[in-house]
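Working notes, structure below.
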Amino acid sequence: MPRRPPSRRSRPRAENLDRPSPPASVRGRLRRWWPAGLAIAIALAAVAVFTLIPESPARLRAEAERAARDNDWPAALRAWRAFNATNSARAATHLAQAKAELKLALARQAEATLRKTIAIEPSDAEAWKLLLEILRVEDRSLEARETVWGAYDRIPAEARRAVLRELTLAVLADVADERARLALNRWIDADPADVDARVAMLRRMAAQPRSEDPDRPARLAELEELAAANPAHPGAREALVTALGDAGEPDRGRALLDAWPGPEDDRDGRYWRLRGRWALEYDRDPARAAAAFRRAVATFPHDWRAWSGLARALARLGRADEARRAAESVARIREALEPSPLLARLDNDFRQLDDPRSRRDLAELAGRVGLARLADAWRADAELPTEPDSPNRPAR
């Protein structure tokens, strides 16, 4: 019987015929080490998986809260930012992130986070307080008013009083120089890219110079750098134009005014206040100055300097009655905003804010300096029902 040829499966593969078998010692080492190699491979795969898969929101929140309790603010901020990048973010967690940013003197980032908090939950009085305090330290009263009035209709009635309190402070009460400088220096050191803080510090140095401050040329050079790097920033441009006028360089200031971003009709009171000054002091054009100052006081009705410019321009035009009324506005506003009596009045009213008489007094104060919308808001709040008199309420 003929022999069957070996099957294809039983035939040795040609490429294996000449391959020597590994020595027994090598085979032994392989048998001994392959479990360890497998364990290492599994561990590396696990590390890769945990690296690629983000932490759960619950774990991130617990980590952020634990770090905040331990005053480990860098760790708290990292965790809050990671948490707020998830779908679990809420107004309260954005507020917690803003607090961590403020603890680290990151005012610019905190402002953005607080605005996000308020957009989600306009009734959060603490978020309003922190945001308006930043704007107050940086002397940004226009932004404070625009921010509040832009959201005021969405703020529940029970939260409005606290917001009005902070807005009144931001618009009417200057921060003490020492306190403001301390905060601004911390913010600038922590975040040199904070343009608002740097501009606020330079303006404060110009208004209340100290021997250790940089001299005028150094401050002017820094403002020029800031304005060039941030051409659309109205605060930097306003501060630079003001500094050029104070330094006796009106032509350079005029060039910056002429190049102010946006159509002229869309420019706010900061532009018109400067345009009025240039028209009155350097261009000998009282008609243009009067028109510009009228637009400035529409934005800044509590700015006695703008009213003074308007009074002088009207006087030069021979419009005596209008000039007299503008001068009366100057006197009335200056008297109402005299720092010591003003702070005492605000302190007294704020300590008894549950008393409608305090809110009516704040309405009278706001109306006296021309802040009609703020006055109306306080007046409306004074008409809200109040709790019965408490025996612990201080007498007026």
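Annotations for the structure displayed:
- Taking all protein chains into account, the per residue accessible area for the stretch 135-186 stands at 43 Å² (1.4 Å probe).
- Magnitude of the charge dipole, the stretch 312-360, Cβ model with Lys/Arg +1 and Asp/Glu -1, debye to 20: 280 debye
- Extension gain for ARG115 to ARG357 (0.36 nm times residue separation, less C-alpha to C-alpha distance): 83.9 nm.
- The stretch 192-337: proportion of alpha-carbon pairs further apart than 21 angstrom, %: 47 percent
- Sequence ranges 251-257, 351-357, 128-134, ranked by mean other-Cβ count within 10 angstrom, highest first: 128-134, 251-257, 351-357
- Relative packing of 325-334, 338-347, which averages over residues the other C-beta atoms within 10 Å, highest first: 325-334, 338-347
- In the calculated pair-distance distribution of the stretch 103-158, the portion above 16 angstrom amounts to 37 percent of the Cα-Cα pairs.
- Qualifying trypsin sites (Lys or Arg not before Pro) for the stretch 178-218 [loop in DSSP, other Cβ within 10 Å: at most 12]: ARG210
- Put a dot 7 Å past the Cα of LEU384, heading toward its Cβ, do the same for SER340, and the two dots end up 3.5 nm apart.
- The packing ranking, built from the mean of other Cβ atoms within 10 Å per residue, places the peptides 212-221, 305-314, 56-65, 72-81 in the order 305-314, 72-81, 56-65, 212-221, highest first.
- The Cα center of the stretch 192-232 and the Cα center of the stretch 89-163 differ in position by 25 Å.
- Relative contact order, percent, the stretch 250-396 [alpha-carbon distance under 8 Å, six or more residues apart]: 15 percent
The values are calculated or read from the model by the stated rules, or taken from the named source; none is laboratory data. Quantities reported herein were computed from a predicted structural model and do not represent experimental measurements. Glycine gets a Cβ as well: all are built from the backbone with ideal geometry, and neighbour counts include every protein chain shown. Note: areas computed on protein heavy atoms with side chains; ligands, DNA, RNA excluded. Shrake-Rupley method; radii C 1.70, N 1.55, O 1.52, S 1.80 Å.
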